[in-house]
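Below is one structure; the comments refer to it alone.
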Amino acid sequence: MTLTPQQFAALTLEEASAGLARGDFTPLDLVQAAQARMDRFEASINAVITRNDEDARQAAETKTERDPSQPLWGLPITVKDNIMTRHLLTTCGSRILDNFIPPYDATVMAKLLAAGAILNGKANMDEFAMGASGEKSAYGATCNPWDTSRVPGGSSSGSAAVVAYGGALAALGTDTGGSIRQPANFCGLIGIKPTYGRVSRYGVGALASSLDQVGALTRTVRDNALLLDIIAGHDHRDSTSAAQADSAPPCLPTVDDGVKGLRIGIDRSTLRYEGMSPVLAGAVKRAVDICRDNGAEIKEVTIPLIDYGVAAYYIINFCEASTNLARYDGVRYGKRRDAGGLRETYCETRGKGFGDEVKRRIMMGSYALSKGYYDAYYLKAARVRGLFAQEFRKLFADVDVILMPVSPQPPRKLSAPTTVLEDYLGDIFTLPANLTALPSLAFPVGVFEGLPAGAQAMAAPFREDLLYRVARVAEQNTRMPDAPWTKESPEDPK
């Protein structure tokens, strides 16, 4: 059969793999269809910083005999541009790295390739993952395929958008305070932030090392579970990798087990939070009703200390960002801009290489870590973080999964006036999972007022399998249309 770009855009990972097994199409057909979608939509969406067209075609042409041991054999996948890719530009969305070509692959990239995947591009992102809108990339803002006048969410903006418009079958992103789950929510996808340490961070550009995790964005729950099972596992090259990552329950085998008998907690005060969109609160209520109707036990819980989370999270984020980004000085890393003496070159390189949000976080972090302020800011934030973790551990003694909103507001208009505080408060429901190292999954439950909306599920460490069961039941009871703007394909008549 002839695979059209429009048909490709409707495929899941599992469907594409089955089609390859039947001989319906070839890996080259998939790659060319993905590239045709990018040709059609990239000028308007701007989801990809670096396309890998020629290498992807060459890789597809070499895949002439299907390998059943490779679950991603011949499937084109995009990764966020802070994931190192051997011999392919990796910018972290920043001008300071606009000439950086890594000599090695990140562990997650190596695992994708070992599973037979084909890398078809590097996704746009907020600079160094600092942002929640997709507008803070040095390479231009990414638009939401559901409504190109709106943001797709960040910082994994391109990873979400390229999957939503059909330029890739799936994508990897990173999540420091909601950077996978919020874009997934805004673009109608499944997005996982795994347990801290379940997926290796080796070869991933760091924002805040104690908060960052790599995860997947996909169109279906089963695809997401498949990808997590592939990229997860202990890595001796990552000092934060958890030994338990190798013994944690796999996710795909139990996806369809349902929610009967699961204890699901809901803190209804989150649905009445100041500034909470009634539409998004309604989406969470629908997720609760779906779980109840399918046999889950719904229990009322109180999510602790949620009002303190934003302040604690951002102090830790600023401090770790300030430390991690000290290496980008034009001498060790980063594009050098000579300006006379060493100090002048250093200032010129960082001053012109970094965007405003990155500079803001570096300065705030340096301030909070400075003598006389460390105890007042960073140490207090670390103590609040510890309390968060203790309280959530108590919650999961009584429930298996907690349902809550992903974001208090739907995606706003691009370039809409907003304050820094308003942007930061948008993470209020996602950042607890990062502070506590817990797994969290965002999933859609419908389209409301023309935009997708969903819920977020959290579980105890290494119990991502429970999250996928909840999301799968929601998926089976929800009809999600394709993003309306992307229904045309190059061969369609005008």
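The values are calculated or read from the model by the stated rules, or taken from the named source; none is laboratory data. On a predicted model such as this, the values are computed, not experimentally measured, just so you know. Note that each Cβ is placed from the backbone with ideal geometry, even for glycine, and that neighbours are counted across all protein chains shown. Accessible surface is based on the protein model in full, side chains and every heavy atom, while ligands, DNA and RNA are left aside. Shrake-Rupley method; radii C 1.70, N 1.55, O 1.52, S 1.80 Å.
So here's what we get for this one:
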item	result
Euclidean distance between Cα centres, segment 10-54 to segment 356-408, Å	39
Positive dipole terminus of the chain, leading residue within 16, 27, 395 (C-beta point charges)	395
Efficiency of FRET from Cβ geometry, residue 44 and residue 413, R₀ 22 Å, rounded to 0.05	0.90
Using a Förster distance of 35 Å, the FRET efficiency for residue 254-residue 209 (Cβ separation, nearest 0.05)	0.65
Solvent-accessible heavy-atom area per residue, rounded to whole Å², over segment 256-298 at 1.4 Å	49
Nearest-0.05 FRET efficiency for residue 64 and residue 269, computed from C-beta distance (R0 45 Å)	0.20
Placed amide H near residue 299: partners under 5 Å, 5+ positions off or other chain	264, 265, 266
Size of electric dipole in the chain: Cβ of Lys, Arg +1 and of Asp, Glu -1, about Cα centre, debye, nearest 20	1000
Principal axis box of segment 33-129, alpha-carbon based, largest edge first, Å	41, 31, 19
Helical segments meeting 15 Å axial Cα length and Kyte-Doolittle -1.0 threshold in the chain (DSSP H)	27-45, 221-231, 278-293, 306-324, 356-369, 380-395, 464-476
Histogram of C-alpha separations across the chain, 20 Å bin width, %	26, 59, 15, 0
Cα lying deepest toward the dipole's positive end in the chain, options 283, 243, 340, charges on Cβ	340
Charge dipole magnitude, Cβ of K and R +1, D and E -1 - segment 194-296, Cα centre, debye nearest 20	340
Residue-normalised accessible area of segment 324-424, given per residue in Å² at a 1.4 Å probe	58
Segment 57-132 - accessible surface per residue (Å², probe 1.4 Å)	33
Calculated Rg and Dmax of segment 365-459 using C-alpha coordinates, Å	16.8, 51
Net dipole in debye of segment 120-213 [+1 Lys, Arg Cβ; -1 Asp, Glu Cβ; about Cα centre; nearest 20]	220
Listed residues 119, 46, 60: farthest to the positive end of the dipole of segment 34-121 (Cβ charges)	46
Inverse of mean 1/r across different Cα pairs in segment 73-168, Kirkwood, Å	13.4
Mean separation of Cα contacts under 8 Å, 6 or more apart, over the residue count of the chain: relative contact order %	18
Sulfur and carbon atoms: percent of accessible area, the chain [1.4 Å]	51
Whole-Hz ³J(HN,Hα) from phi, Karplus 6.51 cos²θ - 1.76 cosθ + 1.60, for segment 441-455, glycine and proline x	10, 9, 8, x, 10, x, 10, 10, 6, x, 10, x, 8, x, 9
Helix-derived mean residue ellipticity, 222 nm - over the chain, DSSP H n ≥ 4, -39500 (n - 2.57), to 500	-11000 deg cm²/dmol
Point-to-point label distance, residue 346-residue 391, nm (Cα→Cβ direction, 7 Å offset)	4.1
